[in-house]
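Undergrad: I'd like to ask some things about the structure below.
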Amino acid sequence: MEIAKLVLEFIKVLVWPLVLLGALVFFRSEARDLMQRLRVVRGGIAEAEFAEQAAQARAESEVAASVVDQSPDVALPYLVDLLRAAGHSPEKVIWQAWESLERELESAVLALGLKRRHRGHPIGGLNVNYVAPKLVEQGLPESAGLALIELSRARSQISELGASAQGARDFIQACNNLYRQLSQLVESHAQDAA
């Protein structure tokens, strides 16, 4: 009798998972379509989130650009090509624009004699969250420092969020504005030192 009760309890536990599995097998094409639609909706929301971050960073960098007198000759390497390619492969050009900006950021940190990261983390790449405020102390507009942090955050989430062509263009323009401002900051410090 006890064995029968045990078997009955075991069957009760397994009934709902088996019913669910049976329903998924029976309605597998509908379940696959539903999952695809959910993936598309999530992708659209994520792309919109990235586009919003990129637009915010672009706006902050443009505010900073209006404060600083910039040379029109200084621009992000391959700017025109990056903007043109934004419609075809937005994630790729975002990475390329960020790499160019990061190289200029590294040069600025080196030229100004700043540390790349705080004392507790001597190994690894440039810590934008640490470096941006230090650059603001050296004369970079505060909105440019905020834009640097925003761009870094957006770039680190690109594989999760995805990007639209317009989001990529905003990101590239923000990188260009910040690239020019960093170049101007280094140039003004070099002139002050001379």
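The values are calculated or read from the model by the stated rules, or taken from the named source; none is laboratory data. From a predicted model like this one, the values you see are computed outputs, not experimental measurements. Cβ coordinates were reconstructed from backbone atoms using ideal geometry, including for glycine residues, and neighbour counts include every protein chain displayed.
Undergrad: Find the residue count for region 103-113, including only residues that are surrounded by 20 or more Cβ atoms within 10 Å (Cβ to Cβ) and not aliphatic (A, V, I, L, M). Give the steps one after another, and end with the answer.
TA: Of the residues in region 103-113, the ones surrounded by 20 or more Cβ atoms within 10 Å (Cβ to Cβ) are 104-105, 108-109.
This time we only want the ones that are not aliphatic (A, V, I, L, M), so: 104.
Result for region 103-113: 1.
Undergrad: I've got another one for you. Taking the residues in region 109-165 that are assigned to a loop (DSSP other than H, G, I, E, B) and modelled with pLDDT of 85 or more as candidates, determine which candidate is farthest from GLU52 (Cα to Cα). Break it down into steps so the answer makes sense when it comes.
TA: In the first step, residues of region 109-165 are kept if they are assigned to a loop (DSSP other than H, G, I, E, B); the result is 112-127, 138-141, 157, 162-164.
This time we only want the ones that are modelled with pLDDT of 85 or more, so: 112-113, 127, 138-141.
On the way: LEU112: 32, GLY113: 34, ASN127: 23, GLN138: 29, GLY139: 27, LEU140: 24, PRO141: 22 Å.
Checking each candidate, the answer is GLY113.
This table checks each residue for (1) closer than 30 Å to GLU187 by Cβ; (2) at pLDDT below 80; (3) not small (Gly, Ala, Ser).
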| position | (1), (2), (3) |
| --- | --- |
| ARG42 | no, yes, yes |
| GLU52 | no, yes, yes |
| VAL63 | yes, yes, yes |
| ILE94 | yes, no, yes |
